[in-house]
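The values are calculated or read from the model by the stated rules, or taken from the named source; none is laboratory data. None of the values given here were measured: they were computed from a predicted structure. As a convention, Cβ positions derive from the backbone with ideal geometry for all residues, glycine included, and neighbour counts pool all protein chains shown.
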């Protein structure tokens, strides 16, 4: 089972910020929080990851709660090309195993022009 | 770099047929994996490999075999196709060192239909 909980769907207007939430109440102290997105008819692509501190890259920002039980992916100005399914995933640093990269159903983001 | 490539893009099989889905990467990644994605669902891990000659089962391995004879290639074999294996299959690769912080690169997928 996925160890994260996300809303099934969200809508945003083009050029407005989008905040995609993720709950991970059973996160361990060493789990990293990763976000991937899947554009229509494509494989998933990496967006961002973090451990404790907030992170920024060219695609998005990741805000991590102080208790690490939740996080929020922030798209600063949504474009039509950001319409995708966004997955929040926990990664165990101890090694790859069959619990790694457990994808839930993700959040389907719709961007309206 | 071509990244992760998968062939074929589409395949239709009859129940009981066997086939091999091909996956290759040119990034010298040690880790490769196979996922399946059913409609409206997230990806589920089938098998993975942390290097040539080393493979292990994921969450849903039944009905699938893998081998890893080279770093570049990680084929997935369906032994006797069943309608329940109708799905989209994704291959992925990444470095092993610093596993929890490494980006996984995914291929474009193979859409398989079993009649």
Quick check on region A:3-24. Is at least one of its residues within 14 Å of chain B (Cβ to nearest Cβ), at pLDDT below 90 and under 21 Å from residue B:103 (Cα atoms)?
yes
Residue among A:17, A:93 that is loosely packed, with under 15 Cβ neighbours inside 10 Å, touching a helix residue (DSSP H, G or I) at 6+ places or on another chain (Cβ under 8 Å) and more than 24 Å from residue B:87 (Cβ to Cβ):
A:93
Taking region B:21-35 and keeping only residues that are more than 17 Å from residue B:57 (Cα to Cα), free of Cβ contacts under 8 Å to residues at least 60 places away in the same chain and part of a strand (DSSP E or B), one is left with B:22, B:24
Return the residue satisfying two criteria in turn: it lies in region A:76-102 and is part of a loop (DSSP other than H, G, I, E, B) and modelled with pLDDT of 85 or more, and of such residues it is farthest from residue A:23 (Cα to Cα).
A:79
Scan region B:32-42 for residues that are surrounded by 16 or more Cβ atoms within 10 Å (Cβ to Cβ) and modelled with pLDDT of 90 or more and jot them down.
B:32, B:33, B:34, B:35, B:36, B:37
In the set A:43, A:29, the lone residue that is within 14 Å of another protein chain (Cβ to nearest Cβ), surrounded by fewer than 20 Cβ atoms within 10 Å (Cβ to Cβ) and out of contact with any helix residue (DSSP H, G or I) (no Cβ under 7 Å at 6 or more places or on another chain) is A:29
Residue B:80 passes all but one of (1) part of a loop (DSSP other than H, G, I, E, B); (2) crowded, with 16+ Cβ neighbours inside 10 Å; (3) in contact (Cβ under 8 Å) with a residue 24 or more places away in the chain; which number fails?
(2)
